[in-house]
Amino acid sequence: MTNLSTSPTKRQRTAQDGRKPSPPPPPPPQDDAPAPIESLPGPPDSPPPPPPLDATLDEAQNSDIVPPPPPSVPPPPPPEQANEDDDDDADVQDAAYWTRRAQSSSSSSAHTVPSLSSKTSNGTVAAKKGKSALYLDTINRAVLDFDFEKLCSISLSNINVYACLVCGRYFQGRGRNSYAYLHSIDNSHHVFMNLSTAQTYILPDNYAVPEENQAALQDVKYLLNPTFTRKTIEAIDAGPAYDLNGEQYYPGFVGLNNVGKNDYVNAVVQALVHVPAIRDYFLLEHEREGEAEKSELVKRFGALVRKMWNPRAFKAQVSPHEFLQQVAMVSGNRFKITHQSDPVEFLGWLLNRLHADLAGGKGGKRKRGAGAAGESVISKSFQGVVQVESQPLAARSEEAEPSTSAVAAQAGTLLKTQQSNGQTDEQGRMRFDPALSVDKRDSPFLLLAMDLPPPPPVLGGEEGEHLVPQVTLGQVLAKYDGDSLHASNAKLTRYALRRLPPYLIVHFRRFTKNSLGQEERNPTLVNFPIKGLDVAKHVPLLNNAQASTQDANLSEVYDLVANVVYDAVPGTVRQGASWKCQVHTNAPTAKEGEKWFAIQDLLVEQVNRQMIFLGESYLQIWAKRP
């Protein structure tokens with residue numbers, strides 16, 4: 001405080017001068033006095049702000065005064081509850097639909113406050129919530145491919161393998177220091193799917209994706225293991241589908257990768273998967289989960305069939321690598337990826353192997369209750385019965401003079417033989433010798449071999465080089481009319497069809513060996529109808545009185561299902577050789593009609609049905625009309 005009093009000496013001096021004393025100045029403002037603050041009036045509805053805390057109050061007094069709580073965040077909207085209609089939509093929606101579901105699920109979970117993780121009894125961390133915890137928006141569906149063998153890309157182990165859904169690579173394990181765990185840390189890839197159980201986990205935190213977020217992964221799970229119902233199979237080829245890029249394709253009419261020299265396998269697989277009985281059996285494999293354990297070959301072939309008919313595929317192509325690896329192992333490298341083989345040999349081996357595994361269980365060992373005949377879907381679909389009558393060829397040496405015989409013996413040549421008169425008639429045609437016994441037996445078959453007539457000698461000139469011999473299917477079927485005789489392997493044989501299967505497989509023998517052991521190719525074209533092949537018209541013995549009552553229904557009409565064609569440089573045997581399969585869709589309506597496609601490895605192109613017989617048909621599958 002400033003002292004306002006005046007000294008006595010000064011006051012006396014002022015009085016002596018006769019001047020009037022001036023009033024004292026106003027006191028200065030005190031330092032501790034608060035300065036006046038002009039404030040605007042607040043809104044009438046808002047409450048006044050709380051008074052500031054007095055700094056002079058002690059802690060005991062301030063402890064009862066707390067600031068107001070912050071405004072509360074509204075809770076996130078509850079997730080939509082799944083119903084039966086959603087389950088039905090999950091069966092038909094494409095990949096784009098599930099991508100939108102994944103983004104919607106991730107954005108809705110962004111408002112959820114992450115919860116603390118805790119380990120369960122089995123060591124798995126409890127599921128977290130929130131976008132930052134699930135990482136479902138980092139899944140890259142464009143790189144996912146589950147067609148290859150389920151092996152770890154580092155250890156090559158097939159035990160406990162996981163697929164990284166960000167980069168598509170396979171890794172083993174998910175525990176600490178496992179290859180999947182280290183990959184998640186090194187590359188910041190967090191979403192992994194078990195390739196055996198389809199369960200999805202987040203690494204390195206090691207917790208499973210909760211059930212409420214599983215809908216965003218349905219398309220990935222379906223890609224890993226497609227499943228079908230009888231209802232979906234009825235309309236499986238009614239129309240086109242669309243892949244991840246929006247490209248149109250037809251389920252079942254997709255290309256197969258040629259990973260080496262396996263085009264012959266691709267052609268056979270394309271033909272088999274379009275047989276309705278075989279297709280439906282392997283598509284509905286989940287209905288037989290309670291049956292006996294299946295062989296690995298059956299499992300991998302079934303997986304390949306389901307992937308080829310997948311209506312929600314990410315891309316319109318499939319790799320048969322997993323199936324090829326098992327074929328090479330089971331066949332003892334008889335059919336390898338790196339070597340070409342004959343499609344008929346492979347088809348015969350595959351049908352017999354599948355039949356043995358399906359009829360007898362794993363490893364082809366027949367179990368009790370499998371039936372005396374060991375039937376399977378293979379035998380029920382393709383097995384027929386042919387009656388074979390055979391008689392040994394009787395021969396005798398020509399009578400020759402001793403001198404002639406001696407000269408021939410010195411030259412090292414063999415004496416000519418001829419058939420006895422009992423096996424030839426007056427016109428020189430072959431017949432069974434009544435004096436000799438005839439072996440008669442019924443032989444089951446899966447493939448019916450057809451002999452092509454030898455091509456005529458090539459005419460001279462440029463015109464003769466372009467002439468291609470032709471023969472009708474009815475002419476080659478005459479081999480099984482029960483009347484024609486054929487000499488082979490020192491036997492005189494006659495064939496007659498006794499029972500035709502629901503699906504008839506015919507094979508045209510185009511490759512033979514000449515007397516020098518050189519392979520020759522027969523370019524003869526076979527003319528055949530696509531619809532309405534009446535086999536009984538060409539094999540009249542089926543309607544003969546000799547046929548038993550069980551053969552009375554053999555005069556059935558067949559329609560073409562698949563046609564495997566051989567293509568090579570004209571005039572050569574194997575140069576530029578390739579195999580392709582021609583198959584068709586089922587006509588949704590009589591107006592639209594069926595569509596035919598030629599599939600060669602990854603190339604799928606539509607062809608005119610009138611041009612199908614112009615190729616060198618090597619293998620055909622026919623379906624009996626119901």
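If we keep just the residues of segment 239-280 that are among the aromatic types (Phe, Trp, Tyr) and under 27 Å from Pro502 (Cα atoms), which is modelled with the lowest pLDDT? Looking at the filtered set, the residue picked out is Tyr250. Going by the conditions given, is Leu516 modelled with pLDDT of 90 or more, surrounded by fewer than 16 Cβ atoms within 10 Å (Cβ to Cβ) and aliphatic (A, V, I, L, M)? The answer is no for Leu516. Please state which one of Ala536, Ala562 is of a type outside the set (D, E, K, R), modelled with pLDDT under 85 and surrounded by 15 or more Cβ atoms within 10 Å (Cβ to Cβ). Answer to the selection: Ala536.
Among all positions in segment 200-209, there is at least one residue which is out of contact with any Asp or Glu (no Cβ under 7 Å at 6 or more places or on another chain), assigned to a loop (DSSP other than H, G, I, E, B), at positive phi and at pLDDT below 95. Where helices (runs of 4 or more DSSP H) sit wholly within segment 251-348, those with at least 1 residues that are closer than 23 Å to Gln620 by Cα, in contact with a Cys (Cβ under 7 Å, 6 or more places away or on another chain) and outside the structural domain of Pro501 (by the TED database) occupy 263-272.
Only residues that are more than 27 Å from Gly615 (Cβ to Cβ), touching a residue at least 12 places away in the same chain (Cβ under 8 Å) and not basic (Lys, Arg) were counted in segment 496-522, giving 1.
One line per residue, one yes/no per condition, for (1) crowded, with 16+ Cβ neighbours inside 10 Å; (2) more than 19 Å from Arg300 (Cβ to Cβ); (3) in contact (Cβ under 8 Å) with a residue 40 or more places away in the chain:
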site	(1), (2), (3)
Asp145	no, no, yes
Ser155	no, yes, no
Val166	yes, yes, no
Phe171	yes, yes, no
Asn177	no, yes, no
Ile202	yes, yes, yes
Glu211	no, yes, no
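Residue check: Thr227 meets all listed conditions (1) free of Cβ contacts under 8 Å to residues at least 40 places away in the same chain; (2) part of a loop (DSSP other than H, G, I, E, B) but one, namely (1).
Among the residues making up segment 134-161, those that are more than 15 Å from Leu223 (Cα to Cα) and either among the basic types (Lys, Arg) or touching a Phe, Trp or Tyr at 6+ places or on another chain (Cβ under 8 Å) (or both) are Leu151, Cys152, Ser153, Ile154, Ser155, Val161.
The values are calculated or read from the model by the stated rules, or taken from the named source; none is laboratory data. Predicted model, so just to flag it, every value in this text is computed and none were measured. Please note: Cβ atoms are built from the backbone with ideal geometry, for glycine as well, and neighbour counts cover all protein chains shown.
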